[in-house]
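Chemist: Let me give you the structure first, and then I'll get to my questions.
The values are calculated or read from the model by the stated rules, or taken from the named source; none is laboratory data. It should be emphasised that the depicted structure is a prediction, and the values quoted were computed from it without experimental measurement. Glycine also receives a Cβ, built like all others from the backbone with ideal geometry; neighbour counts cover every protein chain displayed. Keep in mind that these areas ignore ligands, DNA and RNA; they rest on the heavy atoms of the full protein, side chains included. Shrake-Rupley method; radii C 1.70, N 1.55, O 1.52, S 1.80 Å.
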Amino acid sequence: MKLNKVIFILLVFYLNIFIIAQQNQIRANMGIDFINTPSLIDYINQSNFASDGSQLPTFNTAVNFSGEYGRLLSDNFQLSVELAYLIYSYNANNINGRYDISYNLAMPSVLAFYVLGGKGYNFKFGGGAGIRFLSVDETLPASARSDNYTSTGFGAILRAEGNTLLSGNFYANIIADLRYDLNGEPTGKPGNLRNNVLNENVNFNSLSVGIRLGVSYFF
């Protein structure tokens, strides 16, 4: 069976499930991810963009925004689709000038949860996976030009989530994530980002732990 037919069948199956299901949830969150991107850290530290006194640590912080739509298919099982957007930036001044690098990571995912609930609260435990879209902008010291690099990858999430009633159908929401993303080696007009010390291309594969706060609406 051709791939496009498989995708079409899966989409129809997923949409039918959502039509049959009973309860909806919409969620919006913002939070912090503590993220480790080893290849990027080596690139910044070893290329002398970071001075000896300001070397990047193993984990760094990034801002994460996300929205989710889910439906409860039974008392204890929920399927959801999520779009998360992560923003990271780093800059430093050295004897050669100012260095800037930033990246944005769009992370659509499909997730499945086991749900435990009661009057005015619920807890969800589960995970999922999805495609990752990376965009990197870098400005080298003594240069006014910003170069853009992009790649497409894949990622997986493990999640614990809690909802506590605020008023009516609105709930306070808290999320804890463990995420691993294979974002690959971004490319642009100059080619690949290159770590000349290690003689290898820079990849943006990452392990992150995050916490987010927000609001859910059930209907």
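Chemist: According to a simple spin-label model (label point 7 Å from Cα along Cα-to-Cβ), what is the distance in nm between Asn148 and Asn196?
Modeler: Result for the modelled spin labels: 2.6 nm.
Chemist: Can you work out the Karplus-derived ³J(HN,Hα) for every residue in the range 164-171? Use 6.51 cos²θ - 1.76 cosθ + 1.60 with θ = phi - 60°, whole Hz, and x for glycine or proline.
Modeler: After applying 6.51 cos²θ - 1.76 cosθ + 1.60, I find 10, 4, 9, 6, x, 9, 8, 10 Hz.
Chemist: Around Gln78, with a cut-off of 9 angstrom between Cβ atoms, what is the net charge of the other residues, counting Lys and Arg +1 and Asp and Glu -1?
Modeler: With Lys, Arg at +1 and Asp, Glu at -1, the neighbours total +2.
Chemist: May I pose another question? Counting heavy atoms of the protein chains only and a 1.4 Å probe, report the per residue accessible area for the range 33-176 as a whole number of Å².
Modeler: 48
Chemist: Also: Test of understanding: what is the full-extension gain from Ala156 to Ser74, defined as 0.36 nm times their sequence separation minus their Cα-Cα distance?
Modeler: That pair, Ala156 and Ser74, stretches by 27.1 nm at full extension.
Chemist: Compute the signed sum of charges (Lys and Arg +1, Asp and Glu -1) over the other residues within less than 15 Å, Cβ to Cβ, of Asn203.
Modeler: Overall, the nearby charge balance is -3.
Chemist: Hey, if you put +1 on the Cβ of every Lys and Arg and -1 on every Asp and Glu Cβ in the chain, which of Phe59, Ile95, Leu178 ends up farthest toward the positive end of that dipole?
Modeler: Leu178
Chemist: For the range 181-191, take each phi angle, set θ = phi - 60°, evaluate the Karplus expression 6.51 cos²θ - 1.76 cosθ + 1.60, and give the result in whole Hz per residue in order, putting x for glycine and proline.
Modeler: 10, 9, 8, x, 9, x, 10, x, 4, x, x
Chemist: May I ask you to derive the FRET efficiency for Phe219 and Ile32 from their Cβ-Cβ distance with R0 = 35 Å, giving the value to the nearest 0.05?
Modeler: Once rounded, the FRET efficiency stands at 0.75.
Chemist: Could you work out the per residue convex hull volume over the alpha carbons of the chain, in cubic angstrom?
Modeler: Output value, Cα hull per residue: 144 Å³.
Chemist: Below 15 angstrom from the Cβ of Gly214, what's the summed charge of the other residues (Lys, Arg +1; Asp, Glu -1)?
Modeler: Here the charged neighbours net out to -1.
Chemist: Between Phe125 and Thr187, what FRET efficiency comes out of the Förster formula 1/(1 + (r/R0)^6) with R0 = 41 Å and r the beta carbon distance, rounded to 0.05?
Modeler: 0.65
Chemist: Round to a whole number: what % of the accessible area of the chain belongs to carbon and sulfur, probe 1.4 Å?
Modeler: Within the chain, the accessible surface is 64 percent carbon and sulfur.
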